[in-house]
4 protein chains.
Amino acid sequence: MDSNTFGRIFRLTTYGESHGPGLGGIVDGCPAGLALSEEDIQQELDARRPGAGGRGEAAGTARNEPDRVRILSGVFEGLTTGTPIAFHVDNTDQRSGDYSALARVFRPGHADLGFQVKYGLRDYRGGGRSSGRETVSRVAGGAIAAKFLHTLSITVRACTLEVGGIAASLDDSAGAASRPWFCPDPHTAAKWDALAETTRKQGDSIGGLVRVEILGLPAGLGEPVFDKLDARLAYAMMGVGAVKGVEIGQGFAAARLKGSENNDPLLPACGDNNRAAGHDFVAASGTLPGGAGYGFASNNAGGVLGGMSSGAPVVITVAVKPIASIGQEQRSVDRDGKPAGFTAGGRHDICAIPRVVPVLKAMAALCAADFLLLQRCARS
Amino acid sequence: MDSNTFGRIFRLTTYGESHGPGLGGIVDGCPAGLALSEEDIQQELDARRPGAGGRGEAAGTARNEPDRVRILSGVFEGLTTGTPIAFHVDNTDQRSGDYSALARVFRPGHADLGFQVKYGLRDYRGGGRSSGRETVSRVAGGAIAAKFLHTLSITVRACTLEVGGIAASLDDSAGAASRPWFCPDPHTAAKWDALAETTRKQGDSIGGLVRVEILGLPAGLGEPVFDKLDARLAYAMMGVGAVKGVEIGQGFAAARLKGSENNDPLLPACGDNNRAAGHDFVAASGTLPGGAGYGFASNNAGGVLGGMSSGAPVVITVAVKPIASIGQEQRSVDRDGKPAGFTAGGRHDICAIPRVVPVLKAMAALCAADFLLLQRCARS
Amino acid sequence: MDSNTFGRIFRLTTYGESHGPGLGGIVDGCPAGLALSEEDIQQELDARRPGAGGRGEAAGTARNEPDRVRILSGVFEGLTTGTPIAFHVDNTDQRSGDYSALARVFRPGHADLGFQVKYGLRDYRGGGRSSGRETVSRVAGGAIAAKFLHTLSITVRACTLEVGGIAASLDDSAGAASRPWFCPDPHTAAKWDALAETTRKQGDSIGGLVRVEILGLPAGLGEPVFDKLDARLAYAMMGVGAVKGVEIGQGFAAARLKGSENNDPLLPACGDNNRAAGHDFVAASGTLPGGAGYGFASNNAGGVLGGMSSGAPVVITVAVKPIASIGQEQRSVDRDGKPAGFTAGGRHDICAIPRVVPVLKAMAALCAADFLLLQRCARS
Amino acid sequence: MDSNTFGRIFRLTTYGESHGPGLGGIVDGCPAGLALSEEDIQQELDARRPGAGGRGEAAGTARNEPDRVRILSGVFEGLTTGTPIAFHVDNTDQRSGDYSALARVFRPGHADLGFQVKYGLRDYRGGGRSSGRETVSRVAGGAIAAKFLHTLSITVRACTLEVGGIAASLDDSAGAASRPWFCPDPHTAAKWDALAETTRKQGDSIGGLVRVEILGLPAGLGEPVFDKLDARLAYAMMGVGAVKGVEIGQGFAAARLKGSENNDPLLPACGDNNRAAGHDFVAASGTLPGGAGYGFASNNAGGVLGGMSSGAPVVITVAVKPIASIGQEQRSVDRDGKPAGFTAGGRHDICAIPRVVPVLKAMAALCAADFLLLQRCARS
């Protein structure tokens, strides 16, 4: 719960602005003995770049950085050593153009006002610290967390549920990682491309919904009472720029269900029998005190009960607002409170979703890694 | 970001279970010199009790504690001294009945499973630490925070937007605190009563939506990048039992707006002129660098831009699931994974909303107090 | 590193003043499944009281509280549940006398000035939060930590090395717990009694040295680089009132040794052979990577190497200043900076040592418990 | 109180090993608007290097890095922006020699054993993370803190009190920064040179004592009860490699004084009158509630009363052990617990003092900066 540090044991501290020398971070508390290479991190950074596998070309435009990561410490002979893992990515594609117009006006929907009022000054070049580039460090940190999760057979995945009001189906969410827009079905990305293209021509922007899942997370993770698993996930997700809503499982829909509809009955592990009997069966990771497996007849809870993982998949839905920078002129004020029309120049994306998906995935991985370590301290 | 401690400077640490001697907490970091009495806390605790002003009688049933708070430290001659403020509330209405049936079965929708798997044992009497009674400590801590906010003319208020799918209007949200169900209009509470009564007869339960507002919060609060104002608010709200979703401002609706619709234009402070011109005008708390006031043409952002307060009212909507304990029999398993039907005995509420509203208000107050103190460290 | 919270995983948060209703604290992060009773805590509190086994009667005088502890949460059927363990001790022996004289003058050697300048007001009755009574909460928290250490065969013990310049020998430090003044030999306590008596008649006070040992601590505990084992121990010890110096192993004497004298050679585990060869041998707790035991030819390092436990006994020496409250008149100033003679009225001890020894022991136990839990997160 | 993060508001997180690409860190929480350049940091790094002004040539030998620092974020147009300040220093002078012998044997007096047992593996090249090079990051972070202190007219200074048992006088401690060995008098450094030279020929090493002072610190800093000013200073100092003891003011000597000798009487501000009357007078920074200044007749407390600054100079004495790497052969064991003679090859210093002094100064500056910010939250 520190400004630029995330986590309690597995801790990521980040730095960097849009137009400074670069961005990076330090992962402190990563367990020793984990195989880790620059390539492990690079893969995730590449997924965040325009033109990469999961990217919607039509959504982005704009800045294109190679984003080569260097590990500066904490790895020896291919294994983490328990000491801090620092990493750095150079900024190479800053356009040096004249940002001085931004120094006096506050862009609607942006952090400009907040930074100015909070600190009394701000680095207005490209959004400074509030630039989307800040998320490079999150993705890199999340890649290290994901490597740790992998050793425990835990996977985080994410896909795009909806863009500009057009919903995809979850027909093949496992394949989303390799599709444009991280689309969970084979058909909808084309519609999103078309919408993005139209929106671009209108000088406007769009938002959407993202689904994040943690698979294989054992039951019992999360810390009552303030630091619940869902509380920390909400914190992690809402802390990503452009996110305006977070729900777990049925989320807002649960507010309209009856208890008898919303509760997920627990079932014995023999899922086949359950399914044979015509019930759905969601298998849980982990075992009951007596050693038996178990599952649920549904997963309305989204894998979280009483703030702790239930063993069912953790399911999070995140609302992403339309990008604040648009081509149309908008009303605003300057530092003196005078009216000032503002039109975003330079490059800007039409939709944040393709860049945000890997970031949300990274944040979920960081949460899971931290709670897994904390859990080691739970019993005498 | 600790299990039972909330906040970084203004810090609340809590303890207590449903059937132990009592509940309480320690507020560390409350500024010295604040006028504080037991009565300040008691008022908020009373608002949380059945039969109190804001309570929906039909929603609750059940346990009725006097909940008298005692301040044990940190106040001298009516003022806080800067040292920890400890408070305690006795449990007086535990029903001593036989809880041993709960020891072996996991109630669907509850934390039972999580506690058992996490810790290897659990206090199953009345939910133990995961009982709704845990929130007594949150409300008490929040009352201290609210007292601090009051000195800065900052107010937190909350109301019920919807119960079991029946929505209220925001006609008079200022009056919600004194109405049944904390209803923001004079008419809808009666419908909620009727729905609750029907639901009770069905042996079922209902959920709903709550709106929390922070009024008068100056711009610039919240800490980039991880500890954003909205991130911490989401953390605070989602950490309350039964909460499954959190949104800021337009929230999920923003995901379907265009940027040109969602952005809130900044306006000069002369609100009358703006309104005269037929524009809406949301006045902001605080001033621009040159000393001028300002406002917005709308508040889709819910008072948060780039993770920092914008000066507009902070608006949070929270989804509360239906209460997990219902009168109907439900399928579950026991400790050995054997099927076990479960029917909740004893008292249980039909809807958590009337108890949750003061808790969410308290959590928002704790967030605001902490960020106000952190802000004092922002400038050289 | 928070004001009134100690530890990172095993965390103690305390409250209470000399003349408030009582003192207590919350232990958060204690592993579940630990056997714990009020009696476990009471024993340690009793050791801190005048007239108890280890007390030097001549050193104290004064306030005599029964100090009955109540556990308020976190224990169920004799076992810790993983939830916060709150405890409380009533203040029963506050003398209600007139403290108003203390409101205007700053007692030399006390925290009065600091509290006044820091907070703008202070609870001047009996020292308020800076009273020695604050340590009741430390001792109680430490008792819980010690119970956890006990399950791992780790022991913390402490004895008095020196009082008013008169040194004891370490002939029987194992027996110190049951001797007056926690004296490590059978003879010196009588001299300390005599010195204390003389000092009392002079209206003066004395200090001394305390030795704290942690036995059985496995190698590798402590966190590079800032949170080293010795760093945290120094923090813990120096945070106890009246402590003015801390050293580990040879401490200040090491500054005058050569490297060849100060280094502790590592030896194979076969201690008998080593001793047969005329070498000293300090056996270490723990094993080398290949599974072999080991030891050291000496323990100048005091069981800490590079900030981590070496497996040898951890040895800390602490300097305790003479009690600031003395019977003689002293020069001081009042709130307006005017000269004001001050003579301590009421009861006050002659030497803090007999009360401080259990407190230092408690702080060492809290450190060890926390690092043992952190260590569980060190490896993948 | 995290492994590689120091501080609560003004927070330094560091990384880097002896033989990795480089070392660096992130300062989070530095107030915005502070003038800061790479040169500000470089000056302090230069003071840490052999051959620089304060260095004792005879003490060192060995590795000579240019240690050019780069600021990577958080500074815009010469001012800090409130966002994290990252800095990096390349390692350029690693000798690539064969370190494989060190992989199997544990060097006496070093962290080798701890790292191996803690993490199951270690980077044995040049000490890895436990190398003295780690302190580069501390000195850089401390330089940023010192810049902040400078704006408040607070100064940290340090000098060498004693080397190998040969004491200097404090005749001119203000001039120590520019003398060899940071010697506080003009004469003693030559003796230390001679002793170092003799010691080198003997294949041995020496330690010593360092005095650190914080001048101008206002009264009331430090947080009761666990996070006292002296507690945190002890933590900060003891966390530096080779430090084995810390005392405040009279420290261990206070344990042998009477209360009447050790207490520092408070005096009215009119220091001249006091001195005219033949009293010593130590002026305090800050004012009493009524606005008057004040001082003390002595400063045995070393500027700390009840864990808070008293306004008098803060005086810390630190014991530094002799360097563990010596030219003589020493007994040790290998990974299998077999006896293994060890002789340090390569370069190693004779005495750590000249390198440690700037590090201790940096740690004191970090402490002071953090407490100054925390103090802003103390009052309503």
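For this structure, a couple of remarks:
- Based on alpha carbons, the Rg and Dmax found for the protein assembly as shown are 31.7, 100 Å.
- Convex hull projection area averaged over all views, the stretch C:242-355, Cα basis, nm²: 12.3 nm²
- Amide H contacts under 5 Å for C:Ser73, placed H, 5+ residues apart: C:Ala86
- Largest accessible area first, the listed residues B:His19, D:His348 line up as D:His348, B:His19 when surface is computed with a 1.4 Å probe on the assembled protein chains.
- Shielding by partners, peptide B:198-210 (average Cβ within 10 angstrom, other chains): 3
- Rolling a 1.4 Å probe over the heavy atoms of the protein chains gives the protein assembly as shown an accessible area of 29 Å² per residue.
- What separates the B:Glu197 label point from its copies, with the point 7 Å along Cα to Cβ, is 6.0, 8.3, 10.3 nm, written shortest first.
- Proportion of all alpha-carbon pairs of the stretch A:94-137 beyond 11 Å (%): 67 percent
- Number of partner chain Cβ atoms within 10 Å, mean per residue of A:315-323: 5
- D:Leu161 long-range amide H proximity, modeled H, under 5 Å: D:Leu209, D:Val210, D:Arg211
- Note on D:124-136: average number of Cβ atoms from other chains within 10 Å of each residue's Cβ is 2.
- Candidate membrane-span-like segments in chain D, meaning DSSP H helices with Cα atoms spread over at least 30 Å of their own axis and a Kyte-Doolittle mean of -1.0 or above, are D:353-375, with no membrane implied.
- Axis-proximal residue of chain A for the rotation onto chain D, reported as residue and distance in whole Å: A:Thr13, 2, based on Cβ position.
- In this assembly of identical copies, the label point of C:Cys270 (Cα plus 7 Å along Cα-to-Cβ) is separated from its counterparts by 6.0, 8.0, 9.7 nm, sorted shortest first.
- An ellipsoid equivalent to the stretch D:171-246, defined through the eigenvalues of its Cα gyration tensor, has semi-axes of 32, 18, 6 Å when rounded to whole angstrom and sorted largest first.
- Take every Cα pair under 8 Å whose residues are at least 6 apart in sequence, average their separation, divide by the length of chain D, and the relative contact order is 22 percent.
- Take A:Thr151, push a point 7 Å out from Cα through the beta-carbon direction, and compare it with the same point in every other copy: 2.5, 4.3, 4.9 nm, smallest first.
- Largest-first ellipsoid semi-axes for chain A, taking √(5λ) over the Cα gyration tensor eigenvalues, angstrom: 36, 25, 19
- Antiparallel bridge percentage (DSSP; both residues within the protein assembly as shown; nearest 5): 95 percent
- Sequence-separation-based contact order of the stretch D:2-48, relative, with Cα cut under 8 Å and 6+ spacing, percent: 26 percent
- Chains B and A, summed buried accessible surface - 1.4 Å probe, Å², nearest 100: 9300 Å²
- Rolling a 1.4 angstrom probe over the stretch D:293-355 with all protein chains present gives an accessible area of which 49% lies on carbon and sulfur atoms.
- Residues whose amide H comes within less than 5 Å of that of A:Leu267, counting only those at least five positions distant or on another chain, are A:Gly295, A:Phe296, A:Ala297 (H built at 1.01 Å from N in the peptide plane).
- Reach of B:Lys118 by Cα under 17 Å, taken over lysines that are not fewer than 8 positions away in the same chain: A:Lys228
- Partner aspartates and glutamates for C:Lys201 [C-alpha distance under 18 Å; skip if fewer than 8 residues away on the same chain]: C:Glu57, C:Asp193, C:Glu329, C:Asp349, D:Glu261
- q = 0.16 Å⁻¹: log10 I(q)/I(0) that the Debye formula gives for the stretch A:93-248, counting C-alpha atoms only: -1.18
- Under 18 Å from the Cα of A:Lys147 - aspartates and glutamates, other chains or at least 8 residues apart: A:Asp28, A:Glu38, A:Glu39, A:Asp40, A:Glu44, A:Asp46, A:Glu77, A:Glu213, A:Asp370
The values are calculated or read from the model by the stated rules, or taken from the named source; none is laboratory data. Remember, it's a predicted structure, so these values are computed and weren't measured experimentally. Glycine also receives a Cβ, built like all others from the backbone with ideal geometry; neighbour counts cover every protein chain displayed. Note: accessible area is taken over every heavy atom of the protein model, side chains too, but ligands, DNA and RNA are not part of it. Shrake-Rupley method; radii C 1.70, N 1.55, O 1.52, S 1.80 Å.
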